[in-house]
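Novice: Dropping the structure in here first, questions after.
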Amino acid sequence: MRTIHAATLVRRAPGDEPVAGLAVLVSDDRIEAVGPLDELTQAYPQARVRRWAGTLGPALLHDGPLPPAPSPRERVHALFRVGVGAVSAADVADPELHAAAARNHVAVLDVARPPVLTPGGRADLAVFAGDGSCLATVVAGRLVHRRA
(Lines give C-alpha, C1' and ligand atoms only; values in the text may rest on other atoms or scores of the structure.)
Protein backbone atom coordinates (compact mmCIF):
# COMPACT_ATOMS: atom_id res chain seq x y z
CA MET A 1 0.00 0.00 0.00
CA ARG A 2 1.25 3.45 -0.85
CA THR A 3 0.98 6.45 1.45
CA ILE A 4 1.67 10.07 0.60
CA HIS A 5 2.94 12.08 3.56
CA ALA A 6 2.39 15.80 3.08
CA ALA A 7 3.15 18.62 5.48
CA THR A 8 3.14 22.38 5.60
CA LEU A 9 6.88 22.24 4.85
CA VAL A 10 9.24 19.44 3.80
CA ARG A 11 12.96 19.31 4.57
CA ARG A 12 14.93 16.71 2.57
CA ALA A 13 17.95 16.66 4.93
CA PRO A 14 19.01 18.32 8.19
CA GLY A 15 20.19 21.85 7.50
CA ASP A 16 18.25 22.16 4.23
CA GLU A 17 15.72 24.94 3.88
CA PRO A 18 12.21 23.53 4.20
CA VAL A 19 10.04 23.81 1.07
CA ALA A 20 6.26 24.21 0.83
CA GLY A 21 4.17 22.04 -1.47
CA LEU A 22 6.31 18.89 -1.40
CA ALA A 23 5.31 15.43 -0.23
CA VAL A 24 6.86 12.00 0.23
CA LEU A 25 5.44 8.87 -1.40
CA VAL A 26 6.06 5.76 0.72
CA SER A 27 5.59 2.19 -0.48
CA ASP A 28 6.05 -0.50 2.16
CA ASP A 29 9.31 0.42 3.97
CA ARG A 30 10.83 2.58 1.19
CA ILE A 31 10.54 6.11 -0.11
CA GLU A 32 9.29 5.84 -3.68
CA ALA A 33 9.33 9.55 -4.55
CA VAL A 34 9.71 13.06 -3.17
CA GLY A 35 7.96 15.70 -5.20
CA PRO A 36 5.11 18.20 -5.47
CA LEU A 37 2.00 17.03 -3.62
CA ASP A 38 -0.26 17.74 -6.60
CA GLU A 39 1.88 15.62 -8.93
CA LEU A 40 2.06 12.71 -6.50
CA THR A 41 -1.69 12.67 -5.80
CA GLN A 42 -2.43 12.76 -9.55
CA ALA A 43 0.07 10.01 -10.35
CA TYR A 44 -1.07 7.82 -7.42
CA PRO A 45 -4.81 8.47 -6.94
CA GLN A 46 -5.26 5.27 -4.87
CA ALA A 47 -2.58 6.24 -2.34
CA ARG A 48 -3.61 7.17 1.17
CA VAL A 49 -2.75 10.81 1.93
CA ARG A 50 -1.63 11.81 5.43
CA ARG A 51 -1.47 15.56 5.94
CA TRP A 52 0.62 16.92 8.79
CA ALA A 53 0.73 20.44 10.22
CA GLY A 54 4.44 21.05 10.68
CA THR A 55 7.74 20.33 8.98
CA LEU A 56 8.26 16.84 7.58
CA GLY A 57 11.79 15.54 7.23
CA PRO A 58 13.95 12.50 7.77
CA ALA A 59 13.69 10.79 11.14
CA LEU A 60 16.63 11.58 13.41
CA LEU A 61 19.68 9.51 14.28
CA HIS A 62 20.01 9.18 18.06
CA ASP A 63 23.59 9.25 19.29
CA GLY A 64 24.20 8.23 22.87
CA PRO A 65 22.55 6.06 25.50
CA LEU A 66 18.83 5.51 25.09
CA PRO A 67 16.57 7.32 27.56
CA PRO A 68 15.94 5.51 30.83
CA ALA A 69 12.63 3.64 31.09
CA PRO A 70 11.30 0.55 32.90
CA SER A 71 11.76 -1.78 29.90
CA PRO A 72 13.77 -2.00 26.67
CA ARG A 73 10.54 -1.57 24.67
CA GLU A 74 9.71 1.65 26.52
CA ARG A 75 13.27 2.93 25.98
CA VAL A 76 12.82 2.44 22.22
CA HIS A 77 9.38 4.08 22.24
CA ALA A 78 10.83 7.09 24.06
CA LEU A 79 12.94 7.63 20.94
CA PHE A 80 9.87 7.65 18.70
CA ARG A 81 8.35 10.47 20.75
CA VAL A 82 11.28 12.71 19.77
CA GLY A 83 11.42 11.73 16.07
CA VAL A 84 14.20 9.13 16.10
CA GLY A 85 14.34 6.33 13.52
CA ALA A 86 17.95 5.15 13.83
CA VAL A 87 20.47 4.43 16.58
CA SER A 88 24.13 3.58 16.79
CA ALA A 89 24.81 -0.15 17.21
CA ALA A 90 27.06 0.65 20.16
CA ASP A 91 24.11 2.24 21.99
CA VAL A 92 21.97 -0.90 21.74
CA ALA A 93 24.67 -3.48 22.51
CA ASP A 94 22.58 -4.99 25.31
CA PRO A 95 20.81 -8.01 23.71
CA GLU A 96 17.37 -7.11 25.12
CA LEU A 97 17.68 -3.52 23.95
CA HIS A 98 18.93 -4.61 20.52
CA ALA A 99 16.00 -7.03 20.22
CA ALA A 100 13.51 -4.28 21.15
CA ALA A 101 15.03 -1.99 18.51
CA ALA A 102 14.85 -4.77 15.89
CA ARG A 103 11.23 -5.64 16.74
CA ASN A 104 10.28 -2.00 16.24
CA HIS A 105 12.22 -1.68 12.96
CA VAL A 106 14.62 0.95 14.28
CA ALA A 107 17.64 1.19 11.98
CA VAL A 108 20.70 0.02 13.93
CA LEU A 109 23.76 1.55 12.28
CA ASP A 110 27.37 0.44 12.61
CA VAL A 111 28.43 3.68 10.94
CA ALA A 112 26.46 6.91 11.35
CA ARG A 113 25.00 8.31 8.16
CA PRO A 114 23.16 11.58 7.72
CA PRO A 115 19.40 11.14 7.50
CA VAL A 116 17.96 12.18 4.13
CA LEU A 117 14.71 11.75 2.22
CA THR A 118 15.70 10.04 -1.01
CA PRO A 119 13.88 7.69 -3.39
CA GLY A 120 14.87 4.10 -2.64
CA GLY A 121 15.90 4.98 0.92
CA ARG A 122 14.23 3.67 4.05
CA ALA A 123 10.96 5.42 4.85
CA ASP A 124 12.04 6.92 8.19
CA LEU A 125 10.23 10.25 8.57
CA ALA A 126 9.40 12.67 11.35
CA VAL A 127 7.14 15.71 11.60
CA PHE A 128 8.06 18.57 13.90
CA ALA A 129 5.99 21.49 15.18
CA GLY A 130 7.29 25.04 15.12
CA ASP A 131 8.49 24.68 18.73
CA GLY A 132 10.63 21.65 17.75
CA SER A 133 8.42 19.03 19.39
CA CYS A 134 7.74 15.84 17.46
CA LEU A 135 4.23 15.45 16.08
CA ALA A 136 4.70 12.10 14.31
CA THR A 137 7.35 9.49 13.59
CA VAL A 138 7.31 6.95 10.75
CA VAL A 139 9.85 4.11 10.89
CA ALA A 140 10.29 1.74 7.94
CA GLY A 141 7.02 3.08 6.52
CA ARG A 142 5.02 2.47 9.72
CA LEU A 143 3.50 5.23 11.80
CA VAL A 144 4.96 4.51 15.25
CA HIS A 145 4.20 7.76 17.05
CA ARG A 146 1.57 10.44 16.70
CA ARG A 147 1.09 13.14 19.29
CA ALA A 148 -2.50 13.30 20.48
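The values are calculated or read from the model by the stated rules, or taken from the named source; none is laboratory data. Just so it is clear, the structure is predicted and the values come from calculations on it, not from any experiment. So basically every Cβ, Gly included, is an ideal-geometry build from the backbone, and we count neighbours across all protein chains shown. Surface accessibility is based on the protein's heavy atoms, side chains included, excluding ligands, DNA and RNA. Shrake-Rupley method; radii C 1.70, N 1.55, O 1.52, S 1.80 Å.
Novice: Rank by packing, highest mean first: peptides 89-98, 70-79, with packing defined as the count of other Cβ atoms within 10 Å averaged across residues.
Specialist: Final packing ranking: 70-79, 89-98.
Novice: Show that you can apply the helix-only estimate: for the chain, add -39,500 (n - 2.57) for every DSSP H stretch of four or more residues, divide by all residues, and state [θ] at 222 nm to the nearest 500.
Specialist: -4500 deg cm²/dmol
Novice: Sequence gap at least 6, Cα distance under 8 Å: using those rules, report the relative contact order of the chain to the nearest whole percent.
Specialist: 26 percent
Novice: Taking θ as phi - 60°, what are the ³J(HN,Hα) couplings along region 4-18 by the Karplus curve (6.51, -1.76, 1.60), each to the nearest whole Hz, with x for Gly and Pro?
Specialist: 9, 9, 10, 9, 3, 9, 10, 10, 6, 8, x, x, 6, 6, x
Novice: Sticking with this one: Taking the Cα centre as origin and putting +1 on Lys and Arg beta-carbons and -1 on Asp and Glu beta-carbons, what dipole magnitude results for the chain, to the nearest 20 debye?
Specialist: Using only the charged Cβ atoms, the result is roughly 460 debye.
Novice: Once you sort the root eigenvalues of the Cα gyration tensor of region 27-67 as a ≥ b ≥ c, which label holds: rounded (a/c under 1.5), prolate (a/b larger than b/c) or oblate (the other case)?
Specialist: The shape class here is prolate.
Novice: Please say if region 59-108 is rounded, prolate or oblate, where rounded means a/c under 1.5 for a ≥ b ≥ c the square roots of the C-alpha gyration tensor eigenvalues, and otherwise the choice is prolate for a/b larger than b/c and oblate otherwise?
Specialist: Rounded shape, in that the Cα axes give a/c under 1.5.
Novice: Provide Rg and Dmax in Å for the chain, with only Cα atoms included in the calculation.
Specialist: Considering the chain through its Cα atoms, Rg and Dmax are 15.0, 46 Å.
Novice: Leaving out ligands and nucleic acids, note down the accessible area per residue over region 1-146 with a 1.4 angstrom probe, in whole Å².
Specialist: On a per-residue basis, 51 Å².
Novice: Note down the net charge around Glu96, summing +1 for each Lys or Arg and -1 for each Asp or Glu among other residues with Cβ under 14 Å from its Cβ.
Specialist: Once all neighbours under 14 Å are counted, the net charge is 0.
Novice: Another question, then. Out of the total accessible area of the chain (probe 1.4 Å, heavy atoms of protein only), what percent is carbon and sulfur?
Specialist: Here it works out to 52 percent.
Novice: Using only the Cα atoms of region 93-144, build the gyration tensor, take square roots of its eigenvalues as a ≥ b ≥ c, and label the shape rounded, prolate or oblate: rounded if a/c is under 1.5, else prolate if a/b is larger than b/c, else oblate.
Specialist: It is prolate, given that a/c is not under 1.5 and a/b is the larger ratio.
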